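In what follows, a single structure is set out as structure tokens and then discussed.
Readers should treat all values here as calculations from the given coordinates under stated rules, not as data from a laboratory. Because the structure is predicted, anything quoted here is derived from the model rather than measured. Cβ placement follows ideal geometry from the backbone for every residue including glycine, while neighbour counts extend to all protein chains displayed.
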Amino acid sequence: MKTTKPTRLCHRVSRRPGAAQLTMKAEAGHLRDAMQLTIPVLPIGYPVSTSRSGEVTGSVREALDLPAGLAQQTAQLRVTLAPTLFSNLLGVMEDLANYPYG
């Protein structure tokens, strides 16, 4: 039985957003198998967060400054409202506790 190891396990496919075809093949003697997937290629990005605080009576309008060069096809917006500042601390404390060295 002859086996070969892949020479590269990590490969940059494309820098342009779109889709990429991923093909995997395995052979062992007379046994063979293959699989082909189409995976999304997303633009390089990073999360941006901002917060506001204050007292609200009635309605409030907030403006958002979007980063230059924003890839609109993959952008997401999440708005979280909390009655107090301490409401958000519970989620942060849970994240810290679950962190690998937490």
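Sequence-ordered 3J(HN,Hα) estimates for the stretch 77-85 from the Karplus curve with 6.51, -1.76 and 1.60 and θ = phi - 60° stand at 10, 10, 10, 10, 10, 9, x, 9, 4 Hz, glycine and proline given as x.
Peptides 51-61, 37-47: what's the order by average Cβ count within 10 Å, highest mean first?
Highest to lowest by the protection proxy: 37-47, 51-61.
The 3J(HN,Hα) values that the Karplus relation (6.51, -1.76, 1.60; θ = phi - 60°) gives for the stretch 44-49 are, in residue order, 5, x, 8, x, 10, 10 Hz. Gly and Pro appear as x. For Val41, the residues whose modelled amide H falls within less than 5 Å of its own, excluding neighbours fewer than 5 places apart on the same chain, are Gly18, Ala19, Ala20. Here the 3J(HN,Hα) profile of the stretch 91-98, calculated from phi with Karplus coefficients 6.51, -1.76 and 1.60 at θ = phi - 60°, is x, 5, 5, 5, 4, 5, 5, 8 Hz, Gly and Pro shown as x.
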